Number of protein chains: 4
Amino acid sequence: MANSYGNHLTLHIFGGSHDAEIGMTLEGFPKGVRLPEAELLAFMARRAPGQGPWATSRKEPDIPVFTAGVTEEMTEDGKVYVSDGTPMRAVILNQNQRSGDYASLADVPRPSHADYAARMKFGDTVDLRGGGKYSGRLTAPLCIAGAFCLAYLRSHGIAIGAHILAVGAVKDASFDRLDLSAEKLHAPGLLPFSVLDPEAGEAMRGEIECARMAADSVGGSVECGIIGLPVGLGDHPFDGMEGRLSSILFSIPAVKAVAFGDGFDFVTGYGSTHNDPYGITPDGRIVTTANHCGGIVGGMATGMPLIFSCAFKPTPSIGAAQGSVSLSAGENTTLIIKGRHDPCIVPRAVPVVEAAAAVAVTDMLLDERIYGD
Amino acid sequence: MANSYGNHLTLHIFGGSHDAEIGMTLEGFPKGVRLPEAELLAFMARRAPGQGPWATSRKEPDIPVFTAGVTEEMTEDGKVYVSDGTPMRAVILNQNQRSGDYASLADVPRPSHADYAARMKFGDTVDLRGGGKYSGRLTAPLCIAGAFCLAYLRSHGIAIGAHILAVGAVKDASFDRLDLSAEKLHAPGLLPFSVLDPEAGEAMRGEIECARMAADSVGGSVECGIIGLPVGLGDHPFDGMEGRLSSILFSIPAVKAVAFGDGFDFVTGYGSTHNDPYGITPDGRIVTTANHCGGIVGGMATGMPLIFSCAFKPTPSIGAAQGSVSLSAGENTTLIIKGRHDPCIVPRAVPVVEAAAAVAVTDMLLDERIYGD
Amino acid sequence: MANSYGNHLTLHIFGGSHDAEIGMTLEGFPKGVRLPEAELLAFMARRAPGQGPWATSRKEPDIPVFTAGVTEEMTEDGKVYVSDGTPMRAVILNQNQRSGDYASLADVPRPSHADYAARMKFGDTVDLRGGGKYSGRLTAPLCIAGAFCLAYLRSHGIAIGAHILAVGAVKDASFDRLDLSAEKLHAPGLLPFSVLDPEAGEAMRGEIECARMAADSVGGSVECGIIGLPVGLGDHPFDGMEGRLSSILFSIPAVKAVAFGDGFDFVTGYGSTHNDPYGITPDGRIVTTANHCGGIVGGMATGMPLIFSCAFKPTPSIGAAQGSVSLSAGENTTLIIKGRHDPCIVPRAVPVVEAAAAVAVTDMLLDERIYGD
Amino acid sequence: MANSYGNHLTLHIFGGSHDAEIGMTLEGFPKGVRLPEAELLAFMARRAPGQGPWATSRKEPDIPVFTAGVTEEMTEDGKVYVSDGTPMRAVILNQNQRSGDYASLADVPRPSHADYAARMKFGDTVDLRGGGKYSGRLTAPLCIAGAFCLAYLRSHGIAIGAHILAVGAVKDASFDRLDLSAEKLHAPGLLPFSVLDPEAGEAMRGEIECARMAADSVGGSVECGIIGLPVGLGDHPFDGMEGRLSSILFSIPAVKAVAFGDGFDFVTGYGSTHNDPYGITPDGRIVTTANHCGGIVGGMATGMPLIFSCAFKPTPSIGAAQGSVSLSAGENTTLIIKGRHDPCIVPRAVPVVEAAAAVAVTDMLLDERIYGD
């Protein structure tokens, strides 16, 4: 079903951009997982708008309120949420809606938005203000689930981190696929603009500012790394790591491509240059001496860093006049979109990619508990 | 579960490379769908080995035997299979196994194959002869299901076709994303080597022959187009067309990236150049006047041709000596793989991509019957 | 997952007895189904407490508030809810909680309630005030979904109705299994106390009053009939009508047995007396001339009235002192339960059984749309 | 889907009565579970026909052949199957089919069999020889899965056993609900006719012989007990133990009612007499001092013996002439069923009930691994 994800976990996301509240329920999550409130809020803040000139100036504080599934513990370092094993439920109250900005769009679908398809599917009554359930705002509840999953994974020795790989033509450095640590993975997320190479970040912000000044938008990509996965995690053919990760990654609005390891660079590769030979380290561990496959073979983890990237299309809401049609009049028209929009969604998407990956990996890990029993 | 795919349909694939038989069951498939045996066999033959110098010389005739779910009707044009609405079941008997070729591999995992991860996951007893359940051979049962789904979709005005987009550095032309017909989609599949541009095909065969002569292998990509989809097919966020298609596409061995529409080219794109404006055709249809998004927005079909591509890594089995480890001895060693292998898997993968897409779209279409009731 | 039901539909129920709100989401429900608000409220009222001396005097008005998935239409006869095809979401605000009444129960589990098992499963932090998520109160959201499903089924010629079959030793008449109409099915539900035979109802109320006066409780059973099912609806072996109906019926707190047709009376029956022969009516319809099997063979509907009954245990909350244990002290103790409780839950359970059956049948009907395509 | 059961496990059953083979696949089953071949065959033999005058004289040896998912180990005590963690697959070759016996039934549906409903659902082409996929024969593959699950559960301290509770008016003793051991549970299964009280068994065989002599059939019931369940196993509302057990129990042909604990006897019970108080044993364990609820509250195990019973209708195939209709002629007719049939299916159903319960409990146990992580 469209609003639910997972095999062992069931993550269910509800609400729309202009509803009174949005939120999530998470069933099947282990009990006893501890998540400091400060960590949750910091994670949510990375996704929230209003962080800098590269993001929309809308203010959405995104404070999750838990109504079930967690207990609260007061510690010296502040409040800690502890999962209690029952279905978890959290809501975020919507504020600062400016429905008026969208009202004129009702009849004229915005190019490259979900409007037209949603209207053909559900009819005139579907509520698309602010994007309705198609809004990127619904990635906020995904981040709540993701924050808990990241905490669960950390306690199992698994770390996940992502960074902006490219904005327009500007590229960041890539994660080292053979030598990656939790510290390296988390470093970009500690910066206000999540990159490995600060100079590349500077140039990216320039790209975004140019787009913003031109009332335009620009695309980009995110690279994500995962370490600590047990060898063999995943399956084949239908529940492989690539399939399960991509399935949730494509739920992030604007993601249009997902690549594992060398991805499309494999097209011009040879077996002799793009295979990953095995070798033994001085301390006796079996590793691959290259990692073209991004840590996955046969749908299963090799134990090497798992590396994937995903491409984001430019934010479809731009200031320029665009061709569209009046559905009621049945004729061509021109559309000018008002409101506040992100000239580039990629910086805010970084924690969302981490959250999506964390949910998928947690789900797989809980599934896999059947082996070796 | 790893061997099953689908929401409304359940496609279940069973068997391993060196088992007596492999096959599939398909539950939830509509009754009354007619598939001429000749069409099925022709489809299977496109995937089967032994077609030309670009493929392994192994002979696997891949004749499906149906044990449930279809009735056979004799017509002037030969036998026709008709689905009867009960779970369908078909097996393919394995022949021509040369287990000896693989016996020496038991202890030394082949680079970029599933061997090592599978052994760590399932232990020493897992049967990996010929790749076991990880073998590309298991795409044959997928093609049986795909052939029936293609017949079902055809009767609903939906056509699917794919072609080799690239082999190494050689590129084929691309499908026209604004003007695509069933005829154009099916044209490549009628050729022994499925391309749009015969000259590109010639060059690709040269690339493959070079790899073969060098006992090496080469990667490539496949592009697939789908027309006739109802506007709004798919959903959001978790059952979008990208997610459901990618989930089954990554079940095809060697697929490492999936891209919809402009895919990674969106990274360097702008909203002003990469949005898809709407317009009305002279005969009153609403179309997009560009199709960067590949026919999908908000996880739903726009009604324009759906276009995606996927990257295949080079066949990991190559003739050169490769570094590996002896699992029993715990030391580095060198591995030389014998046996007959495809220097490039991409030509044989074209119908598999069509089959996978057909299964996913049929599943979505059956799911969607709830709307507009 | 424990809070979700359905194949094609996904009904998800959330909240606990003492949460701020309880509610449901319903995915996959067809669009365009019309449900007058008055009909919904009347249906909810049949389940709500406070209807008469046979029920708890607590007041829970149970007014559903829809936050997604429906549009509201104002007609001459009042408001009508119309499903819009997107996931439906409704909440009921909890009021009139008297947590104090339950506070003393925290350490001493109530006999035949979920307390002890829930505490062993989830630990001390699980919130069991008022029964938490185990409370019968959670059948209110089930009734919201049920009301919509009943409206959907009605538009497909399917009617569902139930009545109190027994309270203690007092029995109502049974539905006529060969000649049943929507009018007959709905008649009991129009009464304040849902029976076929008013005299039996009078005697049942006497039984309940006796139990109430004795601070005791009494068990009972409900019979439900369904007409208009397409012949062949259901499946075998794992998705048969008996299995899918029982699976949701056992989610109603206090249901401990489910029987189809003759149920346990089959034990003493013979094939010669308990088979259902086929015959043709004067107007050419094929019917069974008996209906021992309750309208289901091989997990599928025969087209005759579907008849089942379910047994309810006595409300476990009674006024008498009961043996229990102090979990913290690890010693035997005596428990006296205060608060307001139903001396017999069966009268209020009648619409819940109808709702559960309606959800199950709607789910099956939507699943079955694959046949005869 | 109709042929698959399970959340964490996926049990898939395939084939029909007159197919060349029937069988099962089982995904998600833990690796390393050991099942001696002798134990498997003995378990299968309890279900197989031809054991005595109370069963059909057909011979179906029911020898499972494993094609995947197990390794074979030779020990002093004979062959042992060991699950290897990959999907398990076993087939049973059909033999001794006498299709001719059924050929005349094609047009005239047998009363209380699935024939008519299946034909209306799937059309004339559905293969119903020997009952097709509706045949009780398909419980043989269920027993293969059940034997493995019983072995898995045994290694987790869980034992399951069943016995014939009633045949016609003759009743066996019941399991002791407060004091039950693996030995007591397994005792009936060691007898050729599975009862607790040999005298009752004698009388039951008399009942069955009477029915057989009269070319009639008789109904009955089976009681099943389970010990060793962790307190809290199960869930609520939708994945409770009653719901999950009943869902698979109703997949056994002829089961028409399922009751937990006191079942329908709760109808005439009072809270004061039918609640289960808690108490502490001398050695400090918390128990219930009665067990009316059959070891389940709130859908969860209480830790006391889980007790349920299910009613079986009389075998619908009887020798007497029965009313039916000719579907082709559209007129009433009389049907005489030939062939060899069980005058009472209950004795052979005992291991099937154990198998179904074992599959359900194993699935729940694997699901529950998420808690307390």
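What the table shows:
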read-out	value
Residue within region B:212-220 that is within 30 Å of B:S17 (Cα to Cα), in contact (Cβ under 8 Å) with a residue 60 or more places away in the chain, within 14 Å of chain A (Cβ to nearest Cβ) and in a helix (DSSP H, G or I) present	yes
Qualifying residue in region B:322-342 (condition: of a type outside the set (S, T, Y) and closer than 23 Å to B:A203 by Cβ)	yes
Lone qualifier among B:S328, B:S272 - being of a type in the set (S, T, N, Q) and at pLDDT below 95	B:S328
Single residue of region D:302-321 satisfying the filter (surrounded by fewer than 24 Cβ atoms within 10 Å (Cβ to Cβ) and among the hydrophobic types (A, V, I, L, M, F, W, C)) that is nearest to C:P109 (Cα to Cα)	D:A320
Residue that is surrounded by the fewest Cβ atoms within 10 Å (Cβ to Cβ) [pool: residues in region C:253-280 that are more than 7 Å from chain D (Cβ to nearest Cβ) and within 13 Å of the chain's Cα centre (by Cα)]	C:A254
Near pairs, Cβ below 6 angstrom, 6+ apart or cross-chain, from region B:235-264 (at negative phi) to any residue that is buried (at least 24 other Cβ atoms within 10 Å of the Cβ) and among the basic types (K, R)	B:K256/B:K313; B:F260/A:K256
Residue tally, condition over 20 Å from D:D127 (Cβ atoms) and either within 14 Å of chain A (Cβ to nearest Cβ) or of a type outside the set (K, R) (or both), over region B:13-51	23
Restricting region C:343-367 to residues that are buried (at least 24 other Cβ atoms within 10 Å of the Cβ) and among the acidic types (D, E), the residue that is nearest to D:G271 (Cα to Cα)	C:E354
Test: residue in region A:147-165 that is of a type in the set (F, W, Y) and not in a helix (DSSP H, G or I)	no
Residue in region B:287-294 that is facing chain A (nearest Cβ under 7 Å) and either farther than 30 Å from A:S326 by Cβ or crowded, with 20+ Cβ neighbours inside 10 Å (or both) present	yes
Enumeration of residues in region A:1-24 that are outside any loop (DSSP other than H, G, I, E, B) and surrounded by fewer than 22 Cβ atoms within 10 Å (Cβ to Cβ)	A:E21
Close pairs from region D:107-126: first more than 7 Å from chain C (Cβ to nearest Cβ), partner part of a helix (DSSP H, G or I) and surrounded by 22 or more Cβ atoms within 10 Å (Cβ to Cβ), Cβ under 7 Å, at least 6 apart	D:V126/D:A118; D:V126/D:G132
Some residue of region B:288-295 being free of Cβ contacts under 8 Å to residues at least 12 places away in the same chain and part of a strand (DSSP E or B)	no
Residue count for region C:64-78, restricted to those that are more than 26 Å from the chain's Cα centre (by Cα) and either in a strand (DSSP E or B) or under 16 Å from A:F122 (Cβ atoms) (or both)	6
Filter result (of a type in the set (G, A, S) and touching an Asp or Glu at 6+ places or on another chain (Cβ under 8 Å)) within region A:181-204	A:G189, A:A200, A:G201
Some residue of region B:234-252 being more than 8 Å from chain A (Cβ to nearest Cβ) and in contact with a His (Cβ under 6 Å, 6 or more places away or on another chain)	no
Scope region A:174-190; condition part of a loop (DSSP other than H, G, I, E, B) and closer than 19 Å to A:F312 by Cβ; matching residues	A:S174, A:F175
Check on C:D283, facing chain D (nearest Cβ under 7 Å), charged (D, E, K, R) and more than 30 Å from C:D124 (Cα to Cα)	no
In region D:163-183, residue nearest to D:C293 (Cα to Cα) [restricted to those that are touching a residue at least 40 places away in the same chain (Cβ under 8 Å) and β-branched (V, I, T)]	D:I164
Which listed residue is within 14 Å of chain D (Cβ to nearest Cβ) and modelled with pLDDT under 80, from C:N7, C:N3	C:N3
Region C:315-339, residues that are of a type in the set (S, T, Y) and in a strand (DSSP E or B)	C:S324, C:S326, C:T333, C:T334
Positions within region D:296-314 being facing another protein chain (nearest Cβ under 8 Å), over 24 Å from D:P343 (Cα atoms) and in contact (Cβ under 8 Å) with a residue 40 or more places away in the chain, in sequence order	D:G298, D:G299, D:M300, D:A301, D:T302, D:G303
For D:E199: the one exception among (1) within 8 Å of chain C (Cβ to nearest Cβ); (2) assigned to a helix (DSSP H, G or I)	(1)
Matching residues, region B:158-176, being out of contact with any Asp or Glu (no Cβ under 7 Å at 6 or more places or on another chain), surrounded by 16 or more Cβ atoms within 10 Å (Cβ to Cβ) and either over 28 Å from B:T362 (Cβ atoms) or more than 14 Å from every other protein chain (Cβ to nearest Cβ) (or both)	B:A159, B:K171
Qualifying residues in region B:322-333 (those that are surrounded by fewer than 17 Cβ atoms within 10 Å (Cβ to Cβ) and more than 10 Å from A:G279 (Cα to Cα)) - the one farthest from the other protein chains (Cβ to nearest Cβ)	B:S328
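The rows are residues; the columns are (1) at pLDDT below 90; (2) in contact with a Ser or Thr (Cβ under 9 Å, 6 or more places away or on another chain).
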{"residue": "D:Q95", "(1), (2)": "yes, no"}
{"residue": "D:G100", "(1), (2)": "yes, no"}
{"residue": "D:D107", "(1), (2)": "yes, yes"}
{"residue": "D:A118", "(1), (2)": "no, yes"}
{"residue": "D:F122", "(1), (2)": "yes, yes"}
{"residue": "D:Y152", "(1), (2)": "no, yes"}
{"residue": "D:A162", "(1), (2)": "no, yes"}
{"residue": "D:A166", "(1), (2)": "no, yes"}
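The values are calculated or read from the model by the stated rules, or taken from the named source; none is laboratory data. As the structure is a computational prediction, the values presented were derived from the model and not from experiment. Please note: Cβ atoms are built from the backbone with ideal geometry, for glycine as well, and neighbour counts cover all protein chains shown.
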